[in-house]
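Structure, as structure tokens:
Readers should treat all values here as calculations from the given coordinates under stated rules, not as data from a laboratory. It should be emphasised that the depicted structure is a prediction, and the values quoted were computed from it without experimental measurement. Neighbour counts run over all protein chains shown; Cβ positions are idealised from the backbone, glycine included.
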Amino acid sequence: MKDIIEERTCPICGQIYSERPAVSREDSITLICPDCGTRQALASLGVDNEEQEAIINIIHEKAF
């Protein structure tokens, strides 16, 4: 059986992604890209935007 890769566009940032989507913390319904999901989670912990981006960059470096 072949894996089907579905591309989606994140409604928050406009990024096209094919990874498993995150569910927005804002409405618990909207599917968003993993990066925006991470941003929302970090924001809920009080992490500022600059540090959020640094963390996301580290995740991208380690994932590939």
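Data table
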{"quantity": "Count of residues meeting criterion [touching a residue at least 12 places away in the same chain (Cβ under 8 Å), under 23 Å from Glu7 (Cβ atoms) and of a type in the set (Val, Ile, Thr)] in segment 17-64", "calculated": "6"}
{"quantity": "Selection count where residues are surrounded by 10 or more Cβ atoms within 10 Å (Cβ to Cβ) and part of a helix (DSSP H, G or I), scope segment 21-57", "calculated": "18"}
